[in-house]
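A.B. asks: The structure under discussion is supplied below as structure tokens; questions concerning it will follow.
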Amino acid sequence: MIDSLWNFVGDNWRSVIEIAILYVPIYYGYLYFRGTRGAKVLTGLVVIFVAVTLVSQLLHLEVINWLIRGLAAFFAITLVVIFQPELRRALAALGSQHIFSTARQSRETLEILTEAVFELSNREFGALIALEQDTNLNVFAESGVAIDCQVSPELIITIFQPKTPLHDGGLIVRNDRILAAASIFPVSQREDLDRNLGLRHRAGLGITEESDAVAVVVSEETGIVSICHRGKVERNFDPESFRRRLARLLLIEKYEKVNPAEPGGEDRVAASRDSPLVPHQKDGGDTLAF
């Protein structure tokens, strides 16, 4: 019995490898496309193709078989055109793995962001911040207002004050500097998202689908802090878990292994309600979801 099994494996090991190679892209392609707008289109095309192929094979319809073989290349090009946004995002995600990336933000900037983000959360001021990595975000920065200045908690909080000209849209941070504010980010069109996620969260997901950026979102309704990366959203952070998560996403090893006794290694506490960075102005609140 064992000899027969080994003989079978020896005779068919190439087939096993081929099945495994085909299974991996098909399975992960399904997981990636199932939540996109093109999922139903792809499902319909696959069903039609399989049905026509089976019918033509069973009934020996030679003309239809010839047409299917002749139009296979055309259909492949059509699929690339239809799913161009999804394919571009998938390739961008593949190229944004940590083995290809370098640190774009310093530990000091992450400490400043933590302080500013949780001050905004305490005040329930909505905010959307994109942290640039390897993918250039100039195309999105051009849709906003150029700033180009050093990151500071006071400036971030001032920008996202309700009723100020720059509070709507996204803030882009590059190399420890604020590149632009009030930028327009692409909105995720995925159908599998929680309906409770507003336009600001969908924009945070959208920028991470289009690039390898990490987006930070503060809900103006609840003050909940979220992190978006690679088309996923993580929510309900406190200052310590937020600081650690951003460090894992953005900092390379030389920053991750800072000795707590050295400068920059000691955690800073985010501003509390009792010691605001800027005066807290009571108003009617911002009714926009973004």
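A short reminder: the numbers here are calculations on the coordinates, not readings from a lab. All figures in this text were calculated on a predicted structure; none of them were measured in a lab. With ideal geometry, Cβ positions are generated from the backbone for all residues, glycine too; neighbour counts draw on all protein chains shown.
A.B. asks: Which of 149, 228 comes first, and how do the rest follow, when ranked by fewest Cβ neighbours within 10 Å?
C.D. replies: Details: 149 10, 228 26.
Result, fewest neighbours first: 149, 228.
A.B. asks: Got the relative contact order for segment 103-256 handy, in percent, Cα pairs under 8 Å and 6 or more residues apart?
C.D. replies: Worked out over segment 103-256, it gives 30 percent.
A.B. asks: Based on the Cβ-Cβ distance of residue 7 and residue 124, what FRET efficiency does E = 1/(1 + (r/R0)^6) give at R0 = 45 Å, to the nearest 0.05? Don't skip to the end; give the middle numbers.
C.D. replies: Values: r = 69 Å, r/R0 = 1.54.
After rounding to 0.05, the efficiency reads 0.05.
A.B. asks: Beyond 20 Å, what share of the Cα-Cα pairs of segment 95-218 is found? Please give it as a whole percent.
C.D. replies: The answer is 40 percent, as a whole percent.
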